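Single-structure report; data block below.
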Amino acid sequence: MESIYYVLSWLCHRRCPHCYEDRFHPYYGEELERVAAEAREAFPRVIANLPPRMTFLDLADPLPEGGLRAKRGRIILAGGEILLQAVRESVLYPALELLHQKYRDVGGVELIVQTTGDLVTDRIIGELLDHHVSKISVSGLDAFHEGMETEAARDKLRGKLTALFEARGMRPDAGEPPLPADQPPGPPEFSFFGATPDSWIGPLWPRGRAFENELSTATLTDNFCNGWSGGLNFLQRRHSGSEVSIEPNGNVYPCCMKTRAPIGNVAETPLEQILDARVGDPVYEAISMGHPERMGLGRGWSVEKFLEKSRTTLPSGRIYQNLCVGCDRFHEEVLGAAPGLVKIASGS
């Protein structure tokens, strides 16, 4: 498939008010060991159950003789903050090696490490490149991150990291399309982004602390499902546009925002089997088509009812409406997913 967003660990050194996931925060003592141990125990089983190839057929690149060109897909390894000492050498580096070995002879894979950026050093950059990283993606350049509140602070970190990356022979991400699987990879790249109106999520996802702190300004017209990192095309695993999100314990979701319950667990079941089991199910086909408001048509929920269920009252008394809220309600009321549920069987 084209992309897998794999959260290796919940461990983070920040508790940002806009974060979409409450479990991203600092851990200490026994809790720190529990979180790190979960990641260490799960990642070899997760990687073993990923697709045997990480290539996909590009719908935008037909071959002259017919068919579609095979392109190299990507796996994004993230946290939290995956560069923290507790998980960097015991989880991230061995995971990178396993992924490289799994795919090196079958078309390869682009390995991307996502980090807030403030822990990046020249030594760590060198170690990441030694472990076959294709791109380092710095995600913390926004005013929500402590110490990055001003444009001057963000420019300072961007300039410092750019100099370190370029000294290691890396180049800025040019936004070029994925390479054909039969071509060698290019030089390693770096990129910067953050939670700004013109980059990444714009109106904040109605999830986690962003929702609890009432920071999200998304409306019914902000259909997060109908775009990249949403559920759009997640079932088209053989073709361009397909991406899923994986949690540290192996739970799989059709989007980074996450449905109320996972669609399976890849530490227990091959990912291709999990996805194929959802093909033809009207609920998940609606998500894959980017129309979550239609997921309940076969279960007694009209579009009008879904939109009504997409409305909620925040603690401040403000009325909030977004399709993600309706998706949550449908999972709870129709599919029986309890709030906070972290695991269901892949075939349920």
In nm, give the distance between the simple-model label positions of R318 and A152, each being 7 Å from the Cα along the Cα-to-Cβ direction. 3.0
At 1.4 Å probe size, with every protein chain present, just tell me what the per residue accessible area of the chain comes to in Å². 43
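Dipole of the chain, Cα-centred, from +1 at each Lys and Arg C-beta and -1 at each Asp and Glu C-beta, to the nearest 20 debye?
Values: 37 positive and 47 negative charges, 65 e Å.
Computed about the Cα centre, the dipole is about 320 debye.
Classify segment 36-180 as rounded, prolate or oblate, taking a ≥ b ≥ c as the square roots of the eigenvalues of its Cα gyration tensor: rounded when a/c is under 1.5, otherwise prolate if a/b is larger than b/c and oblate if not. Walk me through the numbers before you get to the answer.
Working: a/c = 2.16, a/b = 1.35, b/c = 1.60.
Here segment 36-180 falls in the oblate category.
Would you work out if segment 128-237 is rounded, prolate or oblate? Take a ≥ b ≥ c from the square roots of the eigenvalues of the alpha-carbon gyration tensor; rounded if a/c is under 1.5, else prolate when a/b is larger than b/c, oblate otherwise. It would help to have the intermediate numbers written out before the result.
Numbers: a/c = 2.76, a/b = 1.24, b/c = 2.22.
Oblate shape, in that a/c is at least 1.5 and b/c is the bigger or equal ratio.
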Could you give me the radius of gyration and the Dmax of segment 16-78, taking only the C-alpha atoms into account and expressing both in angstrom? 19.2, 60
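Taking all protein chains in place and a 1.4 Å probe, what share, in percent, of the accessible surface of the chain do carbon and sulfur account for?
Values: 7900 of 14910 Å².
Using a 1.4 Å probe with all protein chains present, the chain comes out at 53 percent carbon and sulfur.
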Find me the longest stretch of the chain that has none of the exposed chymotrypsin sites (Phe, Trp or Tyr not before Pro), where exposed means in a DSSP loop (not H, G, I, E or B) with at most 16 other Cβ atoms within 10 Å. 29-192
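For T121 and Y93, calculate 0.36 nm times their separation in residues minus their Cα-Cα distance, and state this gained length in nm to one decimal. Let's see the in-between values first.
On the way: separation 28, 0.36 × 28 = 10.08 nm, distance 1.55 nm.
Contour length minus Cα-Cα distance gives 8.5 nm.
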Just subtract the alpha-carbon distance of R299 and W228 from 0.36 nm times their residue separation and send over the number in nm, one decimal. 22.9 nm
If the only charges are +1 at each Lys and Arg Cβ and -1 at each Asp and Glu Cβ, what is the size of the charge dipole of segment 50-145 around the Cα centre, to the nearest 20 debye? 300
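Which loop-located trypsin sites (Lys or Arg not before Pro) does segment 250-335 contain, where loop means any DSSP state but H, G, I, E or B and the Cβ has at most 11 other Cβ atoms within 10 Å?
Numbers: sites: K258, R260, R278, R294, R299, K305, K309, R311, R318, R329; in loops: K258, R260, R278, R318.
Listed in order of number, the matching sites are R318.
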Pairs of lysines 8 or more apart, or on different chains, with alpha carbons under 26 Å: count those in the chain, would you? 10
Does segment 295-339 come out rounded, prolate or oblate by the C-alpha gyration tensor, with a ≥ b ≥ c the root eigenvalues, rounded set by a/c under 1.5 and, if not, prolate when a/b is larger than b/c and oblate if not? oblate
Convex hull of segment 213-274 built on C-alpha atoms - directionally averaged projected area, nm²: 5.2
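Give me the extension gain from A37 to E176: residue separation times 0.36 nm, minus the current Cα-Cα distance, reported in nm with one decimal. Don't skip to the answer; put the middle values down first.
Details: separation 139, 0.36 × 139 = 50.04 nm, distance 3.73 nm.
Full-extension gain reported as 46.3 nm.
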Explain nothing, just compute: Karplus ³J(HN,Hα) = 6.51 cos²θ - 1.76 cosθ + 1.60, θ = phi - 60°, for every residue of segment 209-221 in order, whole Hz, x for Gly and Pro. 5, 4, 7, 4, 8, 6, 8, 6, 10, 5, 10, 5, 7
Calculated [θ] (222 nm, deg cm²/dmol) that DSSP helices of n ≥ 4 give over the chain, each run adding -39,500 (n - 2.57): -8000 deg cm²/dmol
Segment 95-163: trypsin sites (Lys or Arg not before Pro) in DSSP loop, at most 15 other beta carbons within 10 Å: R104
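The values are calculated or read from the model by the stated rules, or taken from the named source; none is laboratory data. Small disclaimer: the values here were computed from a predicted structure and weren't measured. Cβ coordinates were reconstructed from backbone atoms using ideal geometry, including for glycine residues, and neighbour counts include every protein chain displayed. SASA here: full protein model, heavy atoms, side chains in, ligands and nucleic acids out. Shrake-Rupley method; radii C 1.70, N 1.55, O 1.52, S 1.80 Å.
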